[in-house]
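Contents: one structure, followed by commentary.
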Amino acid sequence: MGELRGTHVPVLLERCLELLAPALDLPEAVHVDFTLGLGGHAEAVLERHPDVTLIGLDRDTEALTHSRRRLARFGDRVHLVHAVYDELPEVLSSLGLARFHSGLFDLGVSSLQLDEADRGFAYAQDAPLDMRMDQSRGVTAEEVVNSYAPGDLVRILRHYGEEKFAPRVVSAIVREREMARITSTSKLADLVKAAIPAAARRTGGNPAKRTFQALRIEVNGELAALESALPAALDALAPKGRLVVMSYQSLEDRIVKRELTARARSTGPVDLPVELPGTGPTLRLLTRGSEPPSDDEVAENPRAASVKLRAAERIDEQATGADRERPRLSAPQGGRGRPRRPRQHQEGEGEA
């Protein structure tokens, strides 16, 4: 492996470290980076918390190779694993661990994948239609575009890309693939642009971004993996442990919001003065809704523009039970909430 490909500015680094610090300072803390990428967040955790053990997961073998070099100086404090984040239970079991104390999900596409044209993620660069985060297995975007039934393509573009012109885009794809196989990102981007009405192309950035997002999610099974990974992660989170999740589009954020808020609520009768055993909340939310980036952060790293951060802490099991008084109001604590800014960011990917 040669020099590091891609440029990497960790998204919301200081805010993530601030939220995770109480958990990282727990005795013999284990931190799981569910989306290791090029290792920027992981390196900062290891530098600032010298007693922490890191478990880094990534499905991208090239990213793992670079992170292994970057984190080599931390020796046996680091365990890097080629795995998708929904494989956490198996990874913990293989390491002889039942719990972890701190965790970070940085969802979406990594800098390495976006910056290198040969990976096929960026619609602004010509490349083979691949889009696999793990290039050692799975179907490519080229296979999806050229072999899926039109109805399935419309469903994917509507659901995963929230593309309201999905039927028009798919019609253009089907016409083209009947004449010649679609094999490049530039060809697909041109087809999408031509299929979308001119008035709709004047706003919202590159008209191909929603189609590319939808195909990437389909190729990598991202939402299905997240829907199984989050419950597994929260189940394995130790008491007083903390989890931070950064999403970059609304579909991801809805899954995260649903899972965190459900566990932050009581499931017992609302008219009782105390929680019944097993019915109290198991999480304490650390953010008020989702936190956006600051203007300074976006200026430093444009790919942070669409990020939505949510965080939660696992409630100490010793504080739960029938003798615990039900709180009158439930409000996020433990993190400094940020005021929402009036400026709206476009949903979807960072600049590609």
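The values are calculated or read from the model by the stated rules, or taken from the named source; none is laboratory data. Keep in mind that what you see is a predicted model, and the values were worked out from it rather than measured. Glycine gets a Cβ as well: all are built from the backbone with ideal geometry, and neighbour counts include every protein chain shown. We work out accessible area using only protein heavy atoms, side chains counted, and drop any ligands, DNA or RNA first. Shrake-Rupley method; radii C 1.70, N 1.55, O 1.52, S 1.80 Å.
Points worth noting:
- In the range 54-107, of all residues being under 21 Å from Leu309 (Cα atoms), among the acidic types (Asp, Glu) and in contact with a strand residue (DSSP E or B) (Cβ under 8 Å, 6 or more places away or on another chain), the one that is surrounded by the most Cβ atoms within 10 Å (Cβ to Cβ) corresponds to Asp58.
- For the range 148-166, the set of residues classified as part of a helix (DSSP H, G or I) and either closer than 12 Å to Ala214 by Cα or under 28 Å from the mean Cα position of the chain (by Cα) (or both) consists of Gly151, Asp152, Leu153, Val154, Arg155, Ile156, Leu157, Arg158, His159, Tyr160, Gly161, Ala166, listed by residue number.
- Restricted to helices (runs of 4 or more DSSP H) entirely inside the range 182-274, those with at least 3 residues that are open to solvent by less than 30 Å² (accessible area, probe 1.4 Å) are 185-195, 209-220, 222-236, 250-263.
- Restricting the first member to the range 5-31 and to residues that are farther than 16 Å from Phe105 by Cβ and at pLDDT below 95, and the second to residues that are assigned to a loop (DSSP other than H, G, I, E, B) and of a type in the set (A, V, I, L, M), the beta-carbon pairs closer than 8 Å and six or more apart or on different chains are Gly6/Leu38; His8/Leu38.
- All positions within the range 19-32 that are open to solvent by 80 Å² or more (accessible area, probe 1.4 Å) and either more than 17 Å from Ala98 (Cα to Cα) or in contact with a strand residue (DSSP E or B) (Cβ under 7 Å, 6 or more places away or on another chain) (or both): Asp25
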